[in-house]
1. For region 53-63, which positions are within 14 Å of the ligand (Cβ to nearest atom) and over 27 Å from residue 100 (Cβ atoms)?
2. Can you tell me which residue in region 206-215 is farthest from the chain's Cα centre (by Cα), limited to those that are within 14 Å of the ligand (Cβ to nearest atom) and over 19 Å from residue 110 (Cα atoms)?
3. Among the listed residues 66, 89, which satisfies the condition of being farther than 26 Å from residue 240 by Cβ, within 13 Å of the ligand (Cβ to nearest atom) and under 16 Å from the mean Cα position of the chain (by Cα)?
4. Check residue 110 against each of (1) modelled with pLDDT of 95 or more; (2) within 16 Å of the ligand (Cβ to nearest atom); (3) more than 18 Å from residue 188 (Cβ to Cβ); (4) outside any strand (DSSP E or B) and name the one condition it does not meet.
5. Please verify whether region 89-97 includes one or more residues that are touching a residue at least 40 places away in the same chain (Cβ under 8 Å), in contact with a helix residue (DSSP H, G or I) (Cβ under 9 Å, 6 or more places away or on another chain) and within 19 Å of residue 279 (Cα to Cα).
6. Within region 14-35, does at least one residue satisfy the condition of being at positive phi, crowded, with 24+ Cβ neighbours inside 10 Å and touching a helix residue (DSSP H, G or I) at 6+ places or on another chain (Cβ under 6 Å)?
Ligand SMILES: NC(=O)c1ccc[n+]([C@@H]2O[C@H](COP(=O)([O-])OP(=O)(O)OC[C@H]3O[C@@H](n4cnc5c(N)ncnc54)[C@H](OP(=O)(O)O)[C@@H]3O)[C@@H](O)[C@H]2O)c1
């Protein structure tokens, strides 16, 4: 990864930070992103302590203005981006809109990676062979209802929660993005990290869990820090897609927590789902690759 510029979103803590650590250790020039200046600077100092080239930017990536500001800052500082890891994601307990009027789960898990990839395309295209890595999560592969992408009908609280729904929509968007960039030297792939005890999980209340899991919340809170504190493991699939020579020129694939290729779920292979998610992203962002 020496000489390569890597941007990892949501990387001042959690899985993103471990992904950034692993890529910096391979010699990449890594840019971290979080919302908080102090946490961002502290993470950059920690990851750069051994001499690695790590810097940090701040932006609220749930908002289009934040995504635009980050892309502008990257353009001002770098002449290309070799790897973009759209690691940021998250869940909410109930339906809420961002200041842009976008449902929050959709905004952070689907719209942010779509818009940031569009905004950074000039820098990605400036790299000889660029890679975009998007992170999925939850129970992947449930149905996607194109008329409920932003919980317009109801905020899903059962096993196929709004978060799972959004992550499957992200996979559909990624698969379509890969097809749209088929003639470019820019690949788009999806990683599933597996579970980890991260700041996002720690902040999660029982209400954000699918109903079936809510009674388990105290157990999860007890076991999480004991069983799921090795964050290098969930970073493995992203690092594989970002750095492995096996992935050179490979686009439109999905890897599981063991960094092994897995088939796209049926909803992701449904072109009408891909169309609906893509149209929504275009409409909200007013961007197209
Ligand atoms: N953890 C799991 O068990 C798990 C399982 C499956 C999939 N995943 C997926 O893996 C990815 C990483 O998960 P994680 O649990 O490590 O996430 P996390 O703990 O929620 O991530 C925290 C990072 O995201 C930043 N962040 C949060 N909101 C932001 C915003 N609006 N704009 C910019 N930065 C923001 C935080 O920085 P600041 O607080 O400083 O802003 C911090 O750097 C996500 O896509 C998640 O859905 C996680």
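1. 54
2. Here the residue is 213.
3. So the residue among 66, 89 that is farther than 26 Å from residue 240 by Cβ, within 13 Å of the ligand (Cβ to nearest atom) and under 16 Å from the mean Cα position of the chain (by Cα) is 66.
4. (3)
5. Within region 89-97, none of the residues are touching a residue at least 40 places away in the same chain (Cβ under 8 Å), in contact with a helix residue (DSSP H, G or I) (Cβ under 9 Å, 6 or more places away or on another chain) and within 19 Å of residue 279 (Cα to Cα).
6. The answer is yes; a qualifying residue exists.
Matching residues to (1) without any contact (Cβ under 8 Å) to a residue 24 or more places away in the chain; (2) over 19 Å from residue 62 (Cα atoms); (3) within 13 Å of the ligand (Cβ to nearest atom); (4) crowded, with 24+ Cβ neighbours inside 10 Å:
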position: 155; (1), (2), (3), (4): no, no, no, no
position: 162; (1), (2), (3), (4): no, no, yes, yes
position: 167; (1), (2), (3), (4): no, no, yes, yes
position: 176; (1), (2), (3), (4): no, yes, no, no
position: 188; (1), (2), (3), (4): no, yes, no, yes
position: 191; (1), (2), (3), (4): no, yes, yes, yes
position: 199; (1), (2), (3), (4): no, no, yes, no
position: 202; (1), (2), (3), (4): yes, yes, yes, no
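One line per residue, one yes/no per condition, for (1) over 18 Å from the mean Cα position of the chain (by Cα); (2) modelled with pLDDT of 95 or more; (3) more than 16 Å from residue 114 (Cβ to Cβ):
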{"position": "129", "(1), (2), (3)": "yes, yes, yes"}
{"position": "133", "(1), (2), (3)": "no, yes, no"}
{"position": "136", "(1), (2), (3)": "no, yes, no"}
{"position": "149", "(1), (2), (3)": "no, yes, no"}
{"position": "152", "(1), (2), (3)": "yes, yes, yes"}
{"position": "173", "(1), (2), (3)": "no, yes, no"}
{"position": "188", "(1), (2), (3)": "no, yes, no"}
{"position": "202", "(1), (2), (3)": "yes, no, yes"}
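The values are calculated or read from the model by the stated rules, or taken from the named source; none is laboratory data. None of these values were measured; they are calculated from a predicted model. Glycine gets a Cβ as well: all are built from the backbone with ideal geometry, and neighbour counts include every protein chain shown.
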